[in-house]
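*Asks:* Encoded as structure tokens, here's the structure I'll be asking about.
The values are calculated or read from the model by the stated rules, or taken from the named source; none is laboratory data. Note that this is a predicted model, so its numbers are computed, not measured. Quick reminder, even Gly has a Cβ in these numbers, built from the backbone with ideal geometry, and neighbours come from all protein chains shown.
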Ligand code: TXA
Ligand code: MG
């Protein structure tokens with residue numbers, strides 16, 4: 001792939017119009033959502049979608065989330081049952097992705113669903129994303145806008161650090177307020193399944209459904225969320241549940257007990273703040289570890305409830321052994 005000059009587009013009418021025009025021409029444009037930046041392509045243009053996999057260096061078998069402006073647009077792509085309707089009306093726009101049976105007549109490129117019978121759909125809650133969808137007028141396939149296997153981007157600078165020269169543009173909307181990828185719920189069978197913990201706590205989804213979420217099926221494909229061990233890997237080795245650093249380690253803290261930490265995700269112990277800071281903090285402490293030759297990064301314990309579940313999921317992947 002020949003390198004291209006990646007444009008940084010401002011968060012105004014001209015920037016949105018330019019982004020939409022590039023997308024219509026089959027080009028790749030990164031855009032902010034409330035969770036993380038997505039790398040968008042026209043979901044109905046197979047060549048454009050193929051470009052996403054090339055730019056990210058992503059294995060082709062991993063399907064993509066389709067982003068749309070509202071639930072009506074999602075219903076044109078996927079079959080909604082009463083559970084999907086309930087979750088969509090409770091949490092869209094927002095940090096929830098639903099995996100539903102695909103409407104094959106919707107014209108979504110096969111690469112988006114990896115040729116499968118289901119499709120992941122989401123209505124983001126970010127004013128720039130919504131303005132972009134309105135200007136573009138169709139569904140956008142978008143994974144997180146990072147090279148495959150790296151930490152998801154929560155600023156335009158993060159996007160450029162990984163993908164500059166490989167995509168047409170990034171629409172700069174500043175930092176993403178939630179900071180963790182969306183929660184993915186699978187509704188293709190009789191049981192609602194939590195396929196990936198994320199920016200919407202599982203507990204509130206369970207409350208809306210009036211039923212617990214089941215774990216992913218044991219025979220889920222290896223590309224299913226959570227199965228790629230080192231998906232969010234920084235370069236330094238991470239040691240989790242560390243109440244203090246060992247000699248030569250940097251310390252990524254959480255809460256008032258970690259006042260001496262090199263970086264604290266939330267000095268007051270607020271999980272929402274910690275989620276919003278997590279990926280930027282991992283990048284920053286990884287860079288510091290390289291700069292000072294640290295032996296690794298000790299990570300303070302994070303409570304396993306609410307957004308803490310998704311934070312711990314991402315930390316576990318960041319700490320997983322590399323292939
Ligand atoms: O917050 C987010 O979800 C961000 C923003 C950009 O929307 N997107 C994101 O996309 O995190 P990505 O591609 O990095 O992660 C999407 C996950 C992948 O693990 C993929 O396997 C899963 O969704 N997925 C997509 N389609 C699926 C399907 N039909 N069935 C099961 N899993 C699916
Ligand atoms: Mg991703």
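*Asks:* Could you please let me know if residue 148 is over 23 Å from residue 277 (Cβ atoms), within 11 Å of ligand 1 (Cβ to nearest atom) and surrounded by fewer than 24 Cβ atoms within 10 Å (Cβ to Cβ)? Working first, answer last.
*Replies:* Values: over 23 Å from residue 277 (Cβ atoms): yes; within 11 Å of ligand 1 (Cβ to nearest atom): yes; surrounded by fewer than 24 Cβ atoms within 10 Å (Cβ to Cβ): yes.
Taking the combined requirement at face value, the residue satisfies it.
*Asks:* Given the criterion assigned to a strand (DSSP E or B) and either surrounded by 20 or more Cβ atoms within 10 Å (Cβ to Cβ) or in contact (Cβ under 8 Å) with a residue 12 or more places away in the chain (or both), identify the matching residue among 112, 119. It would help to see each step written out before you state the result.
*Replies:* On the way: 112 fails: assigned to a strand (DSSP E or B).
None of the others qualify; the one that does is 119.
*Asks:* Would you point out which residue out of 71, 84, 54, 76 is touching a strand residue (DSSP E or B) at 6+ places or on another chain (Cβ under 8 Å) and over 25 Å from residue 275 (Cα atoms)?
*Replies:* On the way: 71 fails: touching a strand residue (DSSP E or B) at 6+ places or on another chain (Cβ under 8 Å); 54 fails: touching a strand residue (DSSP E or B) at 6+ places or on another chain (Cβ under 8 Å); 76 fails: touching a strand residue (DSSP E or B) at 6+ places or on another chain (Cβ under 8 Å).
Exactly one of 71, 84, 54, 76 is touching a strand residue (DSSP E or B) at 6+ places or on another chain (Cβ under 8 Å) and over 25 Å from residue 275 (Cα atoms), namely 84.
*Asks:* Filter region 54-79 down to the residues that are in contact with a helix residue (DSSP H, G or I) (Cβ under 9 Å, 6 or more places away or on another chain) and either in a helix (DSSP H, G or I) or free of Cβ contacts under 8 Å to residues at least 40 places away in the same chain (or both) and list them by number. Talk me through it step by step, then tell me what you get.
*Replies:* Here is the first cut: in region 54-79, the ones in contact with a helix residue (DSSP H, G or I) (Cβ under 9 Å, 6 or more places away or on another chain) are 55-56, 58-60, 62-71, 73-78.
Listed by number, the residues that qualify are 55, 56, 71, 73, 74, 75, 76.
Yes/no matrix, rows are residues, columns are (1) within 15 Å of residue 39 (Cα to Cα); (2) modelled with pLDDT under 95:
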| site | (1), (2) |
| --- | --- |
| 62 | yes, yes |
| 70 | no, no |
| 85 | no, no |
| 89 | no, no |
| 110 | no, yes |
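*Asks:* With the condition kept exactly as written, say whether any residue in region 214-232 is at pLDDT below 95 and in contact with a helix residue (DSSP H, G or I) (Cβ under 6 Å, 6 or more places away or on another chain).
*Replies:* Yes; the residues of region 214-232 include at least one that is at pLDDT below 95 and in contact with a helix residue (DSSP H, G or I) (Cβ under 6 Å, 6 or more places away or on another chain).
*Asks:* Does residue 42 meet the test of being crowded, with 19+ Cβ neighbours inside 10 Å and in contact with a helix residue (DSSP H, G or I) (Cβ under 9 Å, 6 or more places away or on another chain)?
*Replies:* Values: crowded, with 19+ Cβ neighbours inside 10 Å: yes; in contact with a helix residue (DSSP H, G or I) (Cβ under 9 Å, 6 or more places away or on another chain): yes.
Yes: the conditions hold for residue 42.
*Asks:* Quickly run through region 252-270 and pick out the residues that are within 19 Å of residue 294 (Cβ to Cβ) and under 25 Å from the mean Cα position of the chain (by Cα). Full working, then the answer.
*Replies:* To start, the set of residues in region 252-270 that are within 19 Å of residue 294 (Cβ to Cβ) comprises 252-254, 258, 260-265.
Correct list: 252, 253, 254, 263, 264, 265.
*Asks:* Additional query: Does residue 171 satisfy the criteria of being under 28 Å from residue 18 (Cβ atoms) and modelled with pLDDT under 95? Walk me through it before giving the result.
*Replies:* On the way: under 28 Å from residue 18 (Cβ atoms): yes; modelled with pLDDT under 95: no.
So residue 171 fails the test.
*Asks:* Another one. Kindly provide the set of residues from region 269-320 that are touching a residue at least 12 places away in the same chain (Cβ under 8 Å), out of contact with any helix residue (DSSP H, G or I) (no Cβ under 8 Å at 6 or more places or on another chain), farther than 15 Å from residue 151 by Cα and not in a helix (DSSP H, G or I), ordered by number.
*Replies:* Once the filter is applied, which keeps residues that are touching a residue at least 12 places away in the same chain (Cβ under 8 Å), out of contact with any helix residue (DSSP H, G or I) (no Cβ under 8 Å at 6 or more places or on another chain), farther than 15 Å from residue 151 by Cα and not in a helix (DSSP H, G or I), region 269-320 yields 295, 298, 301.
*Asks:* Within region 174-194, restricting attention to residues that are in contact with a strand residue (DSSP E or B) (Cβ under 7 Å, 6 or more places away or on another chain) and either part of a loop (DSSP other than H, G, I, E, B) or within 16 Å of ligand 2 (Cβ to nearest atom) (or both), which residue is nearest to residue 206 (Cα to Cα)? Write out each step before concluding.
*Replies:* So in region 174-194, the residues in contact with a strand residue (DSSP E or B) (Cβ under 7 Å, 6 or more places away or on another chain) come out as 181-188, 191-194.
Add one more test, that the residue is either part of a loop (DSSP other than H, G, I, E, B) or within 16 Å of ligand 2 (Cβ to nearest atom) (or both), and what stays is 181-184, 187-188, 191-192.
Working: 181: 18, 182: 15, 183: 12, 184: 13, 187: 13, 188: 17, 191: 12, 192: 9 Å.
This residue is 192.
*Asks:* Still on this model: Being part of a loop (DSSP other than H, G, I, E, B) and touching a residue at least 12 places away in the same chain (Cβ under 8 Å) is true for just one of 40, 26, 51, 15. Which residue is that?
*Replies:* On the way: 40 fails: part of a loop (DSSP other than H, G, I, E, B); 51 fails: part of a loop (DSSP other than H, G, I, E, B); 15 fails: part of a loop (DSSP other than H, G, I, E, B).
The unique qualifying residue is 26.
*Asks:* Still on this structure, I have one more. From the set of residues in region 122-132 that are in a helix (DSSP H, G or I) and crowded, with 24+ Cβ neighbours inside 10 Å, which is nearest to the chain's Cα centre (by Cα)?
*Replies:* Taking region 122-132 first, the residues in a helix (DSSP H, G or I) are 127-132.
Remaining after also requiring crowded, with 24+ Cβ neighbours inside 10 Å: 129, 132.
Numbers: 129: 14, 132: 18 Å.
Across region 122-132, the extreme among qualifying residues is 129.
*Asks:* Test residue 143 against the criterion of being surrounded by fewer than 23 Cβ atoms within 10 Å (Cβ to Cβ), under 21 Å from residue 26 (Cα atoms) and either within 16 Å of ligand 2 (Cβ to nearest atom) or touching a residue at least 24 places away in the same chain (Cβ under 8 Å) (or both), and give yes or no.
*Replies:* Values: surrounded by fewer than 23 Cβ atoms within 10 Å (Cβ to Cβ): yes; under 21 Å from residue 26 (Cα atoms): yes; either within 16 Å of ligand 2 (Cβ to nearest atom) or touching a residue at least 24 places away in the same chain (Cβ under 8 Å) (or both): yes.
When the stated conditions are applied, residue 143 passes them.
*Asks:* Same structure, new question: Of all residues in region 26-39, how many are in contact with a strand residue (DSSP E or B) (Cβ under 9 Å, 6 or more places away or on another chain) and either modelled with pLDDT under 95 or surrounded by fewer than 23 Cβ atoms within 10 Å (Cβ to Cβ) (or both)? Lay out the reasoning, then the answer.
*Replies:* Going residue by residue through region 26-39, those that are in contact with a strand residue (DSSP E or B) (Cβ under 9 Å, 6 or more places away or on another chain) are 26-33, 35-39.
Then drop every residue that is not either modelled with pLDDT under 95 or surrounded by fewer than 23 Cβ atoms within 10 Å (Cβ to Cβ) (or both), which leaves 26-27.
So the answer is 2.
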